[in-house]
Amino acid sequence: MGPNLSGPWWQTGVIYQIYPRSFQDTNGDGVGDLAGITTRLDYLNDGTPGSLGVDAIWLSPFYPSPMADFGYDVADYLGVDPLFGTLADFDALVHAAHARGIRVVVDLVPNHTSDRHPWFVESRSSRDNPKRHWYVWADPKADGSPPNNWLSEFRRVGRAWTLDAATGQYYLHSFLPQQPDLNWWDPEVREAMDGVLRFWLDRGVDGFRIDVAHRMAHDPELRDNPLIEAGEDGPRGDEDWPEVHAILRRFRQTLEAYGDRMMMGETYLPDPARMVRYYGEAVDELHLAQNFVFLQQPWRAAAMRAAVDQFESLLPAGAWPDYFLNNHDHSRVVSRYDEGGNGLARARMAAIMLLTLRGTPLLYQGEELGLADVPIPPERAYDIAGRDPERTPMPWDRSATPGAGFTTGEPWLPLGAHAARVNMAAQHDDPASMLSLYRRLIWYRKSSAALLLGSYRPLDSAPDGVFAYLREADSERLLVALNFTNRPIEVDAGGVAASGHLELSTDSDRLTWEVGPSPLPLGPNEGVIVRLS
Ligand code: NOJ
Ligand code: CA
């Protein structure tokens, strides 16, 4: 009998995040579109190891939007912004993805709408409008100041309240003033969002990524956050309010009626103990709570191990972990961890970690090419929170045009000087490239029950500076060893096996070496997978 590789797709698969604006443009306007994604599906997975091999794509928002927050300000939950195409383009994308066995996950933004959403336009039109209570309205304090001290997540915005002069009340916005928060205490809002979920499920989507899943409910009494002034983390009325769990259970019930669908949530909470609650006490909320742990760790083996061990120990029984290194809101790994030019070497090793831990790996477009943040000149910057550098378009080929195969026009953000070197075409057939490493890792993972579903056991005998662990399923035993230092180091793996076979290394020259696991020599920033016998 072969290894048991079965499990729900969102446990065994690799999920690849696409930022539609920056993936592939087809009409020369410099902005990526849905039709562009369809043309690149074979790159993502054509069923052969010559393609990247991802199992699902998660699309950042493509809905009609004034784009104040690049689509995270939704003006119509049930459509496609003309910039990105049409609903027919969306259907074609889903159809073409499914034909290749690629699942499609869409971003759901239930915490807030755009201020141009007809719901908000109605809501703000008068105090007695039937949709007034769909949003969070409150009277000014006696001195005219905002109802409480809550702050927007965007530091430059300041207070999370904006006064609507016409009706004399403030409305809540956790992000931009153009993103008013929905009032999730209102049953009509819950019903309306059920309809949104069903609309996309009926269209064939395989799941949702729920934007700021931890924010939907808030303190109905709108009390001050006690510790905001002290700059400390404490109990907050504006996020992680207990009622949010009831909302997520309701979403989950809607999904369950459709079978094999999945919801993962953006649970950007600094305390992992609170984050894991989003799986639900009865594991009846999120299938995957996005774990931001690697975005906050220093480049140290002990820190990475502690973060993984803590998550493993906190996970409720039956819940499934996930990990990621990059997304559209944070500096890319190559830049984030760069120290004197070793950013790419570190990113290669981080890739081995990501694809070999127990849990679903989430990739962000471009990380498989080793893209770095692109410095954006101030006159071309868009984002209020400075996130343009990690949102630059995909460099697909070596063409000299500024578009590098992304667009025939002027790209909405520059691709950066590295595009001539760091691009898909240049890396595709180069065995030493980052793309080849990701491809090998992803396809290797697919064939390994230990990596897909096996247990995780950290190796205590690893020396300082090395994070090493075993992944085991039935008779398959893999040792992963990651050298977080800039110097060569030896790992004593004698306690776990006498011999082994080196399956994969960040060092492409070592790919075919036979080694005994003890001592296992690692180069600077080298990561390896060893099959133990
Ligand atoms: C999280 C998204 O990832 C981010 O891009 C956005 O600005 C906020 N949520 C608000 O929707
Ligand atoms: Ca376009």
Query raised in the report: Would region 84-105 turn up any residue that is more than 28 Å from the chain's Cα centre (by Cα) and more than 16 Å from ligand 2 (Cβ to nearest atom)?
Result: no
Requested in this report: Kindly indicate whether any position in region 493-505 is within 26 Å of TRP320 (Cα to Cα), touching a residue at least 24 places away in the same chain (Cβ under 8 Å) and open to solvent by less than 20 Å² (accessible area, probe 1.4 Å).
Outcome: yes
Query raised in the report: Within region 33-44, is even one residue within 13 Å of ligand 2 (Cβ to nearest atom), part of a loop (DSSP other than H, G, I, E, B) and among the hydrophobic types (A, V, I, L, M, F, W, C)?
Result: no
Requested in this report: For region 71-82, enumerate the residues that are without any contact (Cβ under 8 Å) to a residue 60 or more places away in the chain and either surrounded by fewer than 15 Cβ atoms within 10 Å (Cβ to Cβ) or out of contact with any His (no Cβ under 6 Å at 6 or more places or on another chain) (or both).
Outcome: GLY71, VAL74, ASP76, GLY79, VAL80, ASP81, PRO82
Report task. Give the residue that is surrounded by the most Cβ atoms within 10 Å (Cβ to Cβ), with candidates limited to residues of region 415-448 that are in contact with a Phe, Trp or Tyr (Cβ under 9 Å, 6 or more places away or on another chain) and over 16 Å from ASP42 (Cα atoms). Result -> ALA419
Query raised in the report: How about region 355-395: which of its residues are without any contact (Cβ under 8 Å) to a residue 12 or more places away in the chain and on the phi > 0 side of the Ramachandran plot?
Result: GLY386
Query raised in the report: What is the one condition in (1) of a type in the set (A, V, I, L, M, F, W, C); (2) closer than 23 Å to PHE70 by Cβ; (3) touching a Gly at 6+ places or on another chain (Cβ under 8 Å) that MET216 does not satisfy?
Result: (3)
Report task. Please go through region 254-273 and pick out each residue that is exposed (fewer than 15 other Cβ atoms within 10 Å of the Cβ), of a type outside the set (Asp, Glu) and either touching a helix residue (DSSP H, G or I) at 6+ places or on another chain (Cβ under 8 Å) or touching a residue at least 24 places away in the same chain (Cβ under 8 Å) (or both). Result -> PRO270, ALA273
Requested in this report: Residue by residue through region 286-319, note down the ones that are within 14 Å of the chain's Cα centre (by Cα) and in a helix (DSSP H, G or I).
Outcome: PHE292, VAL293, PHE294, LEU295
Report task. Test GLY207 against the criterion of being more than 13 Å from ligand 1 (Cβ to nearest atom), modelled with pLDDT of 95 or more, buried (at least 21 other Cβ atoms within 10 Å of the Cβ) and within 27 Å of the chain's Cα centre (by Cα), and give yes or no. Result -> yes
Query raised in the report: When residues of region 45-59 are filtered for being open to solvent by less than 20 Å² (accessible area, probe 1.4 Å) and more than 15 Å from ligand 2 (Cβ to nearest atom), how many remain?
Result: 8
Query raised in the report: Of all the residues that make up region 484-501, how many are at pLDDT 90 or above and either touching a helix residue (DSSP H, G or I) at 6+ places or on another chain (Cβ under 7 Å) or farther than 30 Å from ASP338 by Cβ (or both)?
Result: 1
Query raised in the report: Regarding THR360, is this residue touching a Pro at 6+ places or on another chain (Cβ under 9 Å), β-branched (Val, Ile, Thr) and open to solvent by less than 10 Å² (accessible area, probe 1.4 Å)?
Result: yes
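Quick grid of which residues meet (1) part of a loop (DSSP other than H, G, I, E, B); (2) touching a residue at least 60 places away in the same chain (Cβ under 8 Å); (3) on the phi > 0 side of the Ramachandran plot:
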{"position": "ASP397", "(1), (2), (3)": "yes, no, no"}
{"position": "ALA404", "(1), (2), (3)": "yes, no, yes"}
{"position": "THR407", "(1), (2), (3)": "yes, yes, no"}
{"position": "ALA425", "(1), (2), (3)": "no, no, no"}
{"position": "PRO431", "(1), (2), (3)": "yes, yes, no"}
{"position": "LEU435", "(1), (2), (3)": "no, yes, no"}
{"position": "TYR438", "(1), (2), (3)": "no, yes, no"}
{"position": "LEU441", "(1), (2), (3)": "no, yes, no"}
{"position": "ARG457", "(1), (2), (3)": "no, no, no"}
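May I ask you to list the residues in region 471-501 that are in a strand (DSSP E or B), more than 20 Å from GLY523 (Cβ to Cβ) and touching a Pro at 6+ places or on another chain (Cβ under 8 Å)? Write out each step before concluding.
So the first thing to find is which residues in region 471-501 are in a strand (DSSP E or B), and the list is 471-473, 476-483, 489-491, 500-501.
Narrowing the set further to residues that are more than 20 Å from GLY523 (Cβ to Cβ) leaves 471-473, 476-477.
Listed by number, the residues that qualify are ALA473, GLU476.
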Report summary line: Residues in region 381-416 that are of a type in the set (Lys, Arg) and modelled with pLDDT under 95 total 1
Query raised in the report: Of the residues TYR72, TYR19, which single one is more than 16 Å from ligand 2 (Cβ to nearest atom), of a type in the set (Ser, Thr, Tyr) and farther than 30 Å from SER475 by Cα?
Result: TYR72
Requested in this report: Go through region 295-319 residue by residue and tally those that are touching a residue at least 60 places away in the same chain (Cβ under 8 Å) and open to solvent by less than 20 Å² (accessible area, probe 1.4 Å).
Outcome: 3
Requested in this report: May I ask you to verify whether THR392 is within 23 Å of LEU59 (Cα to Cα) and under 22 Å from the mean Cα position of the chain (by Cα)?
Outcome: yes
Query raised in the report: Tell me, which residue of region 138-162 that is free of Cβ contacts under 8 Å to residues at least 40 places away in the same chain and over 31 Å from the mean Cα position of the chain (by Cα) is farthest from GLU188 (Cα to Cα)?
Result: ASP143
Query raised in the report: What's the number of the condition VAL31 fails, among (1) of a type in the set (A, V, I, L, M); (2) in contact (Cβ under 8 Å) with a residue 60 or more places away in the chain; (3) surrounded by fewer than 15 Cβ atoms within 10 Å (Cβ to Cβ)?
Result: (3)
Query raised in the report: Out of all the residues in region 458-474, is one or more in contact with a strand residue (DSSP E or B) (Cβ under 6 Å, 6 or more places away or on another chain) and either open to solvent by 60 Å² or more (accessible area, probe 1.4 Å) or modelled with pLDDT under 90 (or both)?
Result: no
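The values are calculated or read from the model by the stated rules, or taken from the named source; none is laboratory data. Not measured: the values here are computed from a predicted model. For neighbour counting, all protein chains shown are included, and Cβ atoms are generated from backbone atoms with ideal geometry for every residue, glycine included. Heavy atoms of the whole protein, side chains included, go into the accessibility calculation; ligands, DNA and RNA do not. Shrake-Rupley method; radii C 1.70, N 1.55, O 1.52, S 1.80 Å.
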